[in-house]
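Visitor: Take this structure first; my questions come after.
We did not get these values from a lab; they are worked out from the coordinates using the rules stated. What you are looking at is a predicted structure, and each value in this text was computed from that prediction instead of being measured. Reconstructed Cβ throughout: ideal geometry from the backbone, glycine too, with neighbour counts over all protein chains shown.
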Amino acid sequence: MPEYTRTGVLTRHDLLQMPTDKQLEKGVAFIECVQEIPCNPCVDACPVHAISMKDINAPPCVDFDRCTSCTKCVGVCPGLAIFVIKVKEDKAWITLPYEFLPVPAVGTCVDALDREGNSRGPGKVTRVVKAKKTMLVTIEVNRSLAMDVRHLRVQA
Ligand code: SF4
Ligand code: SF4
């Protein structure tokens with residue numbers, strides 16, 4: 001059995017796809033949904049048909065070249081399992097679903113948290129959007145954290 005079934009936390013080794021640096025510079029949806037569950041709102045939400053599944057139970061697969069990083073899929077995922085990641089030079093921008101209150105405003109300094117909730121360094125909110133089912137918050141972090149930061153905590 002994979003370790004995440006015991007810990008509840010995915011590691012990089014569990015992830016089914018990995019974009020290239022070039023694809024990350026363009027910006028891509030990164031889906032951390034690895035289990036076989038009957039769910040597909042992400043597929044229906046994508047306006048350019050960049051997300052596919054072999055069947056309703058299969059994990060989703062993103063065509064990184066087709067993805068326009070529009071973030072529509074992030075806002076419909078009931079599992080809060082989709083992130084849009086974009087990098088440029090030494091910075092990364094991670095758009096994540098956010099369901100806490102108050103929602104941090106643009107410019108707010110935050111702790112950038114990894115999948116286990118550990119602080120990995122400072123981040124700054126650069127965009128806040130209300131999506132269909134949740135808020136979407138984009139944070140700017142160091143590029144080296146692009147594949148590790150998946151949540152935020154507003155600094156006290
Ligand atoms: S970010 Fe937009 S284009 Fe990319 S997979 Fe999600 S819905 Fe499709
Ligand atoms: S909507 Fe979310 S939970 Fe459902 S299949 Fe897509 S990524 Fe997985």
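Visitor: Loop only per DSSP, at most 12 neighbouring Cβ atoms within 10 Å: give me the trypsin sites (Lys or Arg not before Pro) in the range 1-81, ordered by residue number.
Guide: Answer in residue order: Lys54.
Visitor: Just to be sure I understand: with springs between alpha-carbon atoms less than 10 Å apart, which residue in Asn142, Asn57, Asn40 has the highest mean-square fluctuation in the Gaussian network model of the chain?
Guide: Highest fluctuation of the listed residues: Asn57.
Visitor: Work out the charge dipole of the chain with +1 on the Cβ of Lys and Arg and -1 on the Cβ of Asp and Glu about the Cα centre, then indicate which of Val154, Gly117, Met53 is farthest towards its positive end.
Guide: Selected residue: Val154.
Visitor: Further question on the same structure: Dipole of the chain, Cα-centred, from +1 at each Lys and Arg C-beta and -1 at each Asp and Glu C-beta, to the nearest 20 debye? Walk me through the numbers before you get to the answer.
Guide: Details: 20 positive and 18 negative charges, 96 e Å.
Result for the chain is approximately 460 debye, rounded to the nearest 20.
Visitor: List the chymotrypsin sites (Phe, Trp or Tyr not before Pro) within the range 65-156 that fall in a DSSP loop (any state other than H, G, I, E or B) and whose Cβ has at most 14 other Cβ atoms within 10 Å.
Guide: For chymotrypsin sites (Phe, Trp or Tyr not before Pro) across the range 65-156 that sit outside H, G, I, E and B with at most 14 neighbouring Cβ atoms in 10 Å, the list reads Phe100.
Visitor: I want the local charge near Glu32. Using Cβ-Cβ distances under 9 Å, sum +1 for each Lys or Arg and -1 for each Asp or Glu among the other residues. All intermediate terms of the calculation are to be shown ahead of the outcome.
Guide: On the way: positive: Arg115, Arg150; negative: Asp14.
Once positives and negatives cancel, what remains is +1.
Visitor: Cysteines without a disulfide-compatible partner in the chain, using Cβ under 4.7 Å as the rule?
Guide: Those would be Cys33, Cys39, Cys46, Cys61, Cys67, Cys70, Cys77, Cys109, since no other cysteine Cβ in the chain comes under 4.7 Å of theirs.
Visitor: Of Ile139, Ile37, Ile85, which has the largest mean-square fluctuation in a 10 Å C-alpha GNM of the chain?
Guide: Ile37
Visitor: Which of Glu140, Glu116, Glu89 ends up with the largest GNM mean-square fluctuation for the chain, with Cα atoms connected below 10 Å?
Guide: Maximum among the listed residues: Glu89.
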